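Q: Provided herewith is a single structure, encoded as structure tokens, for subsequent inquiry.
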Amino acid sequence: MPVSAIAPTLVDGTGERDALSVLNSVFGLSAFRGAQQQIVEHVTGGGNCLVLMPTGGGKSLCYQLPALLRAGCGIVVSPLIALMRDQVAGLVEAGVNAAVLNSTLSFDEASEVERRLLASDLDLLYVAPERLLTPRCLALLDQASISLFAIDEAHCVSQWGHDFRPEYIGLSLIAERFPDVPRIALTATADEATRKEIVDRLGLAGAPSFVASFDRPNIRYEIVDKQNAQTQLKAFIAERHRGDAGIVYCLSRAKVEDTAAALAKAGVEALPYHAGLDAATRAKHQDRFLNEDGVVIVATIAFGMGIDKPDVRFVAHLDLPKSIEAYYQETGRAGRDSKPSTAWMAYGLSDIVQQRRMIDESAGSETFKRVSIDKLDALVGLAETVSCRRSRLLGYFGETVAGASCGNCDNCLSPPSLRDGKVAAQKLLSCAYRTGQRFGAMHLIDVLVGRMTERVGQFGHDKLSVFGIGRELNEKQWRAVMRQLVAMGHLRSDSDAFGALKLTESARGVLKGETEVWLRESAPGSRNRAIRTKSRRGDLASQPASQGGGADSALHAALRGWRSAIARQRGVPAYVVLHDSTIDGIASVRPTTLSQLRNISGIGDKKLEHYGAELLALVKAGA
Ligand code: ADP
Ligand code: ZN
């Protein structure tokens with residue numbers, strides 16, 4: 001069934017289908033976001049372009065709509081099989097004739113898709129790149145009527161990028177073989193070198209680039225002092241994200257297992273995911289995360305690529321990633337649906353030490369190590385900053401933000417104070433110096449606070465002038481001082497000497513009193529609470545999604561339960577049936593008629609037809 005049949009009103013005065021009415025009738029959305037409209041018009045008119053938008057920015061519509069508006073079938077090249085499958089499921093739900101062509105299909109299934117393509121029975125066809133480049137597929141495309149090529153995750157053509165895929169290189173053939181078919185390349189990775197490579201390889205010279213802001217205003221950035229990370233994580237989930245879907249990242253498999261078990265014990269629906277688990281378990285855990293409500297996945301960074309789940313409410317890091325790019329990509333998996341979400345990270349001295357060690361011990365060249373250290377330093381800078389995290393983050397990607405304060409990061413919501421740390425720094429540096437620069441954090445703290453341990457006695461450190469000179473601070477505070485001195489580069493941990501803390505060249509200035517040292521002072525414990533209180537008091541939109549009030553919650557729960565049942569029955573993720581924002585819309589509007597229901601964002605013609613009566617019945621029962 002061509003799309004015109006499901007949306008017979010898509011004809012404007014000029015006799016052309018109009019983008020806005022397709023947006024409304026098929027996707028149930030009332031307005032374009034950002035540059036979507038411009039992009040849709042440009043591609044529908046036959047133009048090529050490059051689209052750079054952050055995750056969740058709404059890239060899909062930029063090619064889905066033109067594919068529906070132009071004659072022929074839109075070919076979408078995507079490297080991620082799980083993502084293709086879910087996108088197609090969503091489109092089919094909305095009544096669009098969409099299909100996939102990849103290695104998961106049987107011969108018969110693939111033949112049927114090919115038949116539909118040639119019979120002009122498809123509006124969108126998702127193809128894996130290696131499949132597209134086969135002679136058989138190219139011959140098929142020669143015979144078909146093609147409306148456009150969309151190359152998703154286009155940064156995979158870049159050899160310098162972090163997701164290089166050799167099969168993407170071959171895609172330059174599209175421009176040569178189908179010069180008259182518009183090409184739209186899309187990515188969320190925006191640096192200049194990658195951008196240039198995409199333009200070169202995909203034949204986009206001269207075509208416009210549409211670059212959206214990379215800000216994710218619905219994500220609240222928070223970085224806390226790591227004390228006991230697991231306890232902090234449990235409190236964070238219990239107080240702020242109970243019952244929400246989330247991703248927790250850890251560096252090691254052992255820590256993933258341990259953390260998942262601890263969360264499960266605390267009553268959180270948490271599942272581990274890492275490369276050491278067998279494929280069946282991984283698939284099962286990923287499916288539960290995608291299809292069920294409120295599952296938390298605890299994973300190594302192996303998890304996430306191709307996860308298109310829109311309602312991930314938080315991403316938590318228990319270990320420091322290796323760069324701002326990685327942090328941004330991983331935290332970006334939260335809140336694709338634009339609803340309030342949190343990026344939370346616990347960070348401490350051991351993180352810097354561990355990452356530095358990994359770089360030092362890596363097999364990379366000196367240049368590689370240098371670049372890696374610079375990237376790590378930039379991330380540590382973000383973690384230590386006392387000013388707005390969002391400005392810092394966007395600044396790193398070359399974007400400036402209006403105003404100094406975003407109002408939605410921990411530093412803006414609960415500004416940390418700065419105190420003069422010159423004396424503390426001098427005490428700590430002298431202590432490291434007098435003990436021979438051979439000891440790690442624990443021992444230095446013992447000496448500073450004058451704790452008589454076996455080791456202190458063994459080395460005679462109780463006889464040193466620095467013994468007990470730091471009693472005014474407790475162990476936790478000394479750890480924070482130490483972490484910041486390492487972050488500032490006055491101290492460095494030596495991987496060759498078991499993490500012994502050594503003075504750097506710049507420490508001299510501090511010891512002589514020539515260099516100022518300002519330390520970040522976060523009010524211990526109270527900060528989390530302050531942020532939470534603010535978000536409760538603040539506007540409704542900044543409240544965590546799961547904290548609806550009273551009667552609404554009952555309807556909410558009923559709608560979610562209904563959605564889970566439908567999703568199970570149809571074998572698709574819950575969000576493919578209805579997005580959270582649509583559920584919220586229904587719960588707050590409480591429609592009593594089909595036309596009221598149709599006005600809610602996310603309810604298009606097909607969803608109204610399929611689910612309208614059931615949804616109205618649920619609302620009525622809940623009233
Ligand atoms: P991306 O591919 O850029 O990560 P998606 O295309 O998956 O983003 O869109 C992210 C979310 O935003 C989806 O839930 C989608 O339905 C929603 N969305 C996109 N465009 C609009 C719009 N114009 N109005 C409302 N919601 C939109
Ligand atoms: Zn801010």
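The values are calculated or read from the model by the stated rules, or taken from the named source; none is laboratory data. These numbers were taken from a predicted model, which means no experiment stands behind them. All Cβ positions, even for glycine, are placed from backbone atoms using ideal geometry, and neighbour counts span all protein chains on display. SASA here: full protein model, heavy atoms, side chains in, ligands and nucleic acids out. Shrake-Rupley method; radii C 1.70, N 1.55, O 1.52, S 1.80 Å.
Q: Give the accessible area for Arg451 in Å² (nearest 10); use a 1.4 Å probe, count only protein heavy atoms, and leave out ligands, DNA and RNA.
A: Only protein atoms counted, so the area is about 90 Å².
Q: I've got another one for you. Using a probe radius of 1.4 Å on heavy atoms only, what accessible surface per residue do you get for segment 553-622? Whole Å² is fine.
A: Accessible surface, normalised per residue, equals 44 Å².
Q: Across the Cα atoms of segment 104-261, what radius of gyration and what greatest pairwise Cα-Cα distance (Dmax) are found, in Å?
A: Values for segment 104-261 (Cα only, Rg and Dmax): 21.9, 63 Å.
Q: Rg (Å, one decimal) plus Dmax (Å, integer) for the alpha carbons of segment 3-211?
A: 16.1, 48
Q: Which value in nm describes the separation of the simple spin-label points at Gln437 and Ala557, placed 7 Å from the Cα toward the beta carbon?
A: Rounded to a tenth, the inter-label distance reads 6.2 nm.
Q: Summing Lys, Arg as +1 and Asp, Glu as -1, what charge do residues with Cβ under 13 Å from the Cβ of Gln354 carry, Gln354 excluded?
A: Local net charge: +2.
Q: Express the relative contact order of the chain as a whole percentage, based on alpha carbon pairs under 8 Å and six or more residues apart in sequence.
A: Contact order relative to length: 14 percent.
Q: Taking all protein chains in place and a 1.4 Å probe, what share, in percent, of the accessible surface of segment 219-413 do carbon and sulfur account for? Can you show the working numbers first?
A: On the way: 3890 of 7350 Å².
About 53 percent, which is the carbon plus sulfur part of the accessible surface.
Q: What do you get for Rg/Rh over the chain if you use C-alpha atoms and the Kirkwood form of Rh?
A: Reported Rg/Rh, Kirkwood definition of Rh: 1.02.
Q: How many percent of the alpha carbon pairs in segment 150-222 exceed a separation of 22 Å?
A: The calculated P(r) of segment 150-222 puts 26 percent of pairs beyond 22 Å.
Q: Sticking with this structure for a sec: Which of the aspartates and glutamates could a cross-linker span from Lys255 if the Cα-Cα distance has to be under 16 Å and same-chain partners fewer than 8 positions apart are dropped?
A: Asp319, Asp351
Q: OK, next. Probe of 1.4 angstrom, ligands and nucleic acids ignored: what's the accessible area per residue over segment 293-386, in square angstrom?
A: Per-residue accessible area for segment 293-386 comes out at 31 Å².
Q: Let me ask you something else. With a sphere of radius 10 Å drawn around the Cβ of Gly46, what net charge do the other residues whose Cβ falls strictly inside it have (Lys, Arg +1; Asp, Glu -1)?
A: Counting the neighbours of Gly46, the net charge comes to 0.
Q: Oh, and also: Report, by chain and number, residues whose modeled amide H sits under 5 Å from the one on Val77, excluding near sequence neighbours (fewer than 5 apart, same chain).
A: Counting only residues 5 or more places away or on other chains, the set is Val127, Ala150, Ile151, Asp152.
Q: At 222 nm, what value in deg cm²/dmol follows for the chain if DSSP H runs of at least 4 each add -39500 (n - 2.57) and the sum is divided by all its residues, to the nearest 500?
A: For the chain, the value works out to -14000 deg cm²/dmol.
Q: At a 1.4 Å probe, what is the % contribution of carbon and sulfur to the accessible area of segment 553-622?
A: Roughly 56 percent of what the probe reaches on segment 553-622 is carbon or sulfur.
Q: Beyond a 21 Å Cα-Cα separation, which of these cross-linked pairs lie in this structure: Lys59/Lys196; Lys422/Lys502; Lys196/Lys322; Lys234/Lys309; Lys322/Lys422; Lys226/Lys369? Kindly include the intermediate steps, with their values, before the conclusion.
A: Numbers: Lys59/Lys196 19 Å; Lys422/Lys502 18 Å; Lys196/Lys322 25 Å; Lys234/Lys309 23 Å; Lys322/Lys422 29 Å; Lys226/Lys369 26 Å.
The pairs that break the limit, which is 21 Å between Cα atoms, are Lys196/Lys322; Lys234/Lys309; Lys322/Lys422; Lys226/Lys369.
Q: Sticking with this structure for a sec: Within the set of other residues whose C-beta is less than 12 Å from the C-beta of Gly95, count the net charge using Lys and Arg as +1 and Asp and Glu as -1.
A: Numbers: positive: Lys606, Lys607; negative: Glu93, Asp123, Asp605, Glu609.
So the environment of Gly95 carries a net charge of -2.
Q: Moving on to the next point. Could you put Ser465, Ser111 in order of accessible surface area, largest first, with the 1.4 Å probe and the full protein assembly present? Kindly include the intermediate steps, with their values, before the conclusion.
A: Details: Ser465 90, Ser111 40 Å².
So, going from the largest accessible area down, we get Ser465, Ser111.
Q: Which of the peptides 335-342, 92-99 is most tightly packed, and how do the rest follow, judged by the mean count of other Cβ atoms within 10 Å per residue?
A: Packing proxy ranking, top to bottom: 335-342, 92-99.
Q: Taking each full run of DSSP H in the chain as one helix, which ones are at least 15 Å long along their axis (Cα atoms) and have mean Kyte-Doolittle hydropathy of at least -1.0? Display every interim value, and only then the final one.
A: Working: long enough: 81-93 (18 Å, 0.82); 107-118 (17 Å, -0.62); 229-240 (16 Å, -0.26); 253-265 (18 Å, -0.23); 279-291 (18 Å, -1.18); 349-361 (18 Å, -0.65); 366-384 (26 Å, 0.13); 422-434 (18 Å, 0.14); 475-488 (20 Å, -0.34); 526-537 (16 Å, -2.16); 550-570 (30 Å, -0.41); 605-622 (24 Å, -0.15).
For the chain, where a helix must reach 15 Å along its axis and average at least -1.0, the hits are 81-93, 107-118, 229-240, 253-265, 349-361, 366-384, 422-434, 475-488, 550-570, 605-622.
Q: Right, another one. For Trp518, list long-range residues whose amide hydrogen, built 1.01 Å from N in the peptide plane, is under 5 Å from its own amide hydrogen.
A: Those qualifying (amide H under 5 Å, at least 5 residues apart or on another chain) are Gly421.
Q: If you take the C-alpha gyration tensor of segment 553-622, multiply each eigenvalue by 5 and take the square root, what semi-axes do you get, largest first, in whole Å? Write down the numbers at each step before the final one.
A: On the way: eigenvalues 56, 38, 23 Å².
Equivalent ellipsoid of segment 553-622: 17, 14, 11 Å, largest first.
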